[in-house]
1. Using alpha carbons only, how many angstrom separate the centre of the range 112-151 from the centre of the range 1-70?
2. Accessible area per residue of the range 52-165 at 1.4 Å probe, in Å²?
3. For the chain, which span is the longest to avoid every loop-located (per DSSP) member of GluC sites (Glu not before Pro) having at most 16 other Cβ atoms inside 10 Å?
4. To the nearest 0.05, what FRET efficiency results for residue 30 and residue 160 with a Förster distance of 25 Å applied to their C-beta separation?
5. Place a +1 charge on the Cβ of each Lys and Arg in the chain and a -1 charge on the Cβ of each Asp and Glu, then give the dipole magnitude about the Cα centre in debye, rounded to the nearest 20.
6. Residue separation times 0.36 nm, minus the C-alpha to C-alpha distance between residue 80 and residue 16: what's the value?
7. On a 0 to 90° scale, report how tilted helix 96-116 is relative to the longest principal axis of the chain, with both axes built from alpha carbons and the result rounded to the nearest 10.
8. Please calculate the 1.4 Å probe accessible area of residue 67, with all protein chains present, and give it to the nearest 10 Å².
Amino acid sequence: NMSDPTTKTELLTTIRNARAAFEALIAPLSDEDMLIQELGEWSLKDLLAHLSMWEREFLAWYAAGQRGETPNPFIDNPEIDRRNNEHVQKMRPTPLADVRAEFEAAHQALLDTVEQMSEEELFTPSFYAWTREHALLLCLSWVSYGHYAEHEEQVHEWLASRTAS
């Protein structure tokens, strides 16, 4: 991907910008708006819980790798769907304020961890055996800037459909 960052500074900027764009989109919305289940079967609250889950998932892969274990980030779609839905159901009773707090905390933990990484470990293909032939960047993009952008588009469409009706 041409637009993928090639330095750690660029990477952190890319993550922060993608995150800021997503946050700007939802900033004007009320707590009531956050609970409307119109993003497929999810609400925006559910979506925040979902985004946090995958940031934590990346941190778990990374920590496992550091312990000499072999995590597997290459999860197939049926399994991803199952885990997404399980997590959303599990988090449904959690108050919005707590989901928002974890949304911030998971993201900060991700940034803090990336800050500690070397350029080499981020950008060298197969630096870690568990990323297979890819650089760690790929797995990181799935849970950060790539993931926010994907859902930002979904939220845009939902908001547009609301103003249209």
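The values are calculated or read from the model by the stated rules, or taken from the named source; none is laboratory data. Values in this document were obtained by computation on a predicted structure and should not be read as measured data. Neighbour counts are summed over all protein chains in view; Cβ atoms, including those assigned to glycine, are modelled from backbone coordinates with ideal geometry. Surface areas here come from the heavy atoms of the whole protein model, side chains and all, with no ligands, DNA or RNA. Shrake-Rupley method; radii C 1.70, N 1.55, O 1.52, S 1.80 Å.
1. After rounding, the separation between the Cα centres reads 14 Å.
2. On the way: 6040 Å² over 114 residues.
Ligands and nucleic acids excluded, the figure is 53 Å² per residue.
3. Values: sites that count: 38, 41, 69, 133.
My reading of the result: 70-132 is the longest stretch.
4. Working: r = 18 Å, r/R0 = 0.71.
About 0.90, to the nearest 0.05.
5. Details: 13 positive and 29 negative charges, 43 e Å.
So the magnitude is around 200 debye.
6. Numbers: separation 64, 0.36 × 64 = 23.04 nm, distance 2.48 nm.
Stretched out fully, the residue 80 to residue 16 stretch lengthens by 20.6 nm.
7. 20
8. Roughly 150 Å² of residue 67 is accessible to a 1.4 Å probe.
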